[in-house]
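A short worksheet on the structure shown next.
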Amino acid sequence: MPEQIPTGEIHHLRLTVTDLERSREFYTQLLGFEVIAESPPPDDPSAAEVFKILFGGVVMSRGSLIMGLRPMAASGERFDPNRVGQITTLASFGIDVLPFEDPDGVQLELTAPVT
């Protein structure tokens with residue numbers, strides 16, 4: 001049996017959604033989340049770099065919970081295995097993120113404070 005990985009409280013979630021604007025409205029208006037980061041329009045020079053972090057979506061918070069909404073990929077597109085195992089620093093949040101997949105192919109992320 002593999003050794004368990006110690007984890008703390010849930011820091012953030014990322015949900016894939018079919019309609020970003022509809023989901024954004026639901027979580028902000030009904031559940032009180034506040035948008036704290038969002039993807040720039042495609043013609044913005046920073047769009048390609050920001051896409052690596054936000055995937056065309058938004059990041060919201062409510063209390064200590066951070067939640068991201070990611071629009072679904074085009075039909076037939078799969079998770080990019082080149083992102084698995086690469087640590088990304090999200091300086092504005094003060095965390096490092098390590099994305100990986102579970103046995104069913106669901107993307108999960110471990111985060112830790114930047115040291």
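The values are calculated or read from the model by the stated rules, or taken from the named source; none is laboratory data. Note that the coordinates shown come from a computational prediction; the quantities given were computed from them, not determined experimentally. For the accessible areas, the whole protein counts, side chains as well, though only heavy atoms, and no ligand, DNA or RNA atoms are used. Shrake-Rupley method; radii C 1.70, N 1.55, O 1.52, S 1.80 Å.
Couple of notes before you dig in:
- Heavy-atom SASA rank of I87, I66 (probe 1.4 Å, accessible area, largest first): I87, I66
- Rolling a 1.4 Å probe across all protein chains gives D44 an accessible area of roughly 50 Å².
- Solvent-accessible area per residue in the stretch 1-52 equals 86 Å², computed with a 1.4 angstrom probe and all protein chains kept.
- When V50, V59, V114 are compared by accessible area of protein heavy atoms, the largest-first order is V114, V50, V59, using a 1.4 Å probe.
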